[in-house]
Amino acid sequence: DTEVTQTPKHLVMGMTNKKSLKCEQHMGHRAMYWYKQKAKKPPELMFVYSYEKLSINESVPSRFSPECPNSSLLNLHLHALQPEDSALYLCASSQGASPSGEQFFGPGTRLTVL
Amino acid sequence: AQTVTQSQPEMSVQEAETVTLSCTYDTSESDYYLFWYKQPPSRQMILVIRQEAYKQQNATENRFSVNFQKAAKSFSLKISDSQLGDAAMYFCAYSHNTDKLIFGTGTRLQVFP
């Protein structure tokens, strides 16, 4: 299984809602990532988990809260988002804390904040 | 700080022809990795090709090959015998000894029949 899955595919939420994005991989990868991607732009790194510990937080606002319950799962909890947070949220995984490794990307969750 | 520059926002090519996408980068490191990722419309981003900086030989993957010029800090992607399925955004990316990928701004490739 060489897949990273993300749910939901689409999400529309109001600024007062609380929602979560979910990411799953069963490749035995030990590093997992959250990216934010605006239209026609490259992905922007948000968080990196390495061996289930948060290793990189790119100064992301606290309304985004990542969680790594186990080595296969990665969640992104959303609360009190702003319209400018509307974007494609990508999850990725790689074998470990190594830059030579390929990152496998999920299909993304298209988030719209009203 | 490391940067990656893709100077061609859009490129087009006819089916079966060859196209080259440009990428330059800036780093003071001697050991690093370079990647080309492909993101088709509404589909998953996938790795096209990877180059280790310590390897002088240019990487190739079927119809995809790179021209890696370390001294010039240039890493271009050549797509031979272009196919309609090659139409996508192509991102050049750099990585050093961290988990971070630094992406270029992307080149949108259109393929015409």
A:Cys23 open to solvent by less than 10 Å² (accessible area, probe 1.4 Å), in contact with a Leu (Cβ under 6 Å, 6 or more places away or on another chain) and at pLDDT 95 or above: yes
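Residues checked against (1) within 14 Å of chain B (Cβ to nearest Cβ); (2) outside any strand (DSSP E or B):
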residue	(1), (2)
A:Ser59	yes, yes
A:Ser62	no, yes
A:Leu78	no, no
A:Gly96	yes, yes
A:Pro107	yes, yes
A:Thr112	no, no
For the subset of segment B:3-43 comprising residues that are at pLDDT below 95 and open to solvent by 60 Å² or more (accessible area, probe 1.4 Å), which member is farthest from the other protein chains (Cβ to nearest Cβ)? B:Ser28
Across segment B:81-113, what is the total count of residues that are part of a strand (DSSP E or B), open to solvent by 60 Å² or more (accessible area, probe 1.4 Å) and within 9 Å of chain A (Cβ to nearest Cβ)? 1
In the set A:Leu88, A:Leu114, A:Leu73, which member is out of contact with any His (no Cβ under 8 Å at 6 or more places or on another chain) and open to solvent by less than 30 Å² (accessible area, probe 1.4 Å)? A:Leu88
Being more than 9 Å from chain B (Cβ to nearest Cβ) and either in a strand (DSSP E or B) or surrounded by 13 or more Cβ atoms within 10 Å (Cβ to Cβ) (or both) is the filter here, so list the residues in segment A:39-48 that pass it. A:Met46, A:Phe47
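The values are calculated or read from the model by the stated rules, or taken from the named source; none is laboratory data. Here the structure is a predicted model, which is why all the values come from computation and not from measurement. Cβ: placed from backbone, ideal geometry, glycine included. Neighbour counts: every protein chain shown. Ligands, DNA and RNA are stripped out before the accessible areas are found, and what is left, the full protein with its side chains, is counted by its heavy atoms. Shrake-Rupley method; radii C 1.70, N 1.55, O 1.52, S 1.80 Å.
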